[in-house]
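Contents: one structure, followed by commentary.
The values are calculated or read from the model by the stated rules, or taken from the named source; none is laboratory data. The structure presented is a predicted model; accordingly, all values stated were derived computationally and were not measured. Here Cβ is always computed from backbone atoms with ideal geometry, including for glycine, and neighbour counts include all displayed protein chains. SASA here: full protein model, heavy atoms, side chains in, ligands and nucleic acids out. Shrake-Rupley method; radii C 1.70, N 1.55, O 1.52, S 1.80 Å.
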Amino acid sequence: MNLEDIIEKRGQHCQDELRFARNLMRSSHPAITECVKYGLPFFSLKKDIAYMDVQKGKPLIAFMNARHFGELSEVLDFTNRTRVGHFSLIDFSEERYLLLISIIDAAIEFDREKFVGR
């Protein structure tokens with residue numbers, strides 16, 4: 001199963017948001033790879049940096065190691081998780097778009113610094 005199949009299975013109501021997030025992730029760094037793990041779309045550089053999901057009918061992108069993103073970690077939902085922060089892909093405004101770009105940049109930077117040489 002490929003990423004597009006998974007996006008289509010998630011329901012008509014959130015396909016646009018998931019495709020939008022996928023395109024942002026793919027265009028954010030030339031070395032980002034995508035694959036399916038645990039039935040979810042994952043994005044990686046040296047390690048997994050993010051995945052997309054739909055929870056309670058709402059699309060989101062989840063970032064690994066998000067507690068290390070400084071002030072940006074404050075806008076993520078860590079409910080019952082220690083490493084993974086969720087960013088909702090609903091109610092997008094220009095401000096939320098710019099925020100998501102900043103979070104993606106922070107995830108890439110963390111991965112590149114933390115996992116040098118691995």
- Note on the structure: A correct Kirkwood calculation over the Cα atoms of segment 57-118 returns a hydrodynamic radius in Å of 12.1 Å
- Query: All other residues with a Cβ under 15 Å from the Cβ of residue 98 taken together, and with Lys, Arg as +1 and Asp, Glu as -1, what is their net charge?
  - Reply: -4
- Which value at 222 nm does the chain reach when only helices count, each DSSP H run of 4 or more adding -39,500 (n - 2.57), with the total divided by all residues and rounded to the nearest 500 deg cm²/dmol? -11500 deg cm²/dmol
- Message: How far apart, in nanometres, would the label points at residue 90 and residue 31 be if each is projected 7 angstrom from Cα along the Cα-to-Cβ direction?
- Response: 3.7 nm
- Query: Quick one: what do you get for segment 1-77 if you divide its Cα Rg by 2.2 N^0.38 Å?
  - Reply: 1.09
- Query: Using heavy-atom solvent-accessible surface (probe 1.4 Å) with all chains present, what is the largest-first order of 68, 86?
  - Reply: 68, 86
- Query: Roughly speaking, what is the stretch gain from residue 102 to residue 78, that is 0.36 nm per residue apart minus the C-alpha to C-alpha distance, in nm to one decimal?
  - Reply: 6.9 nm
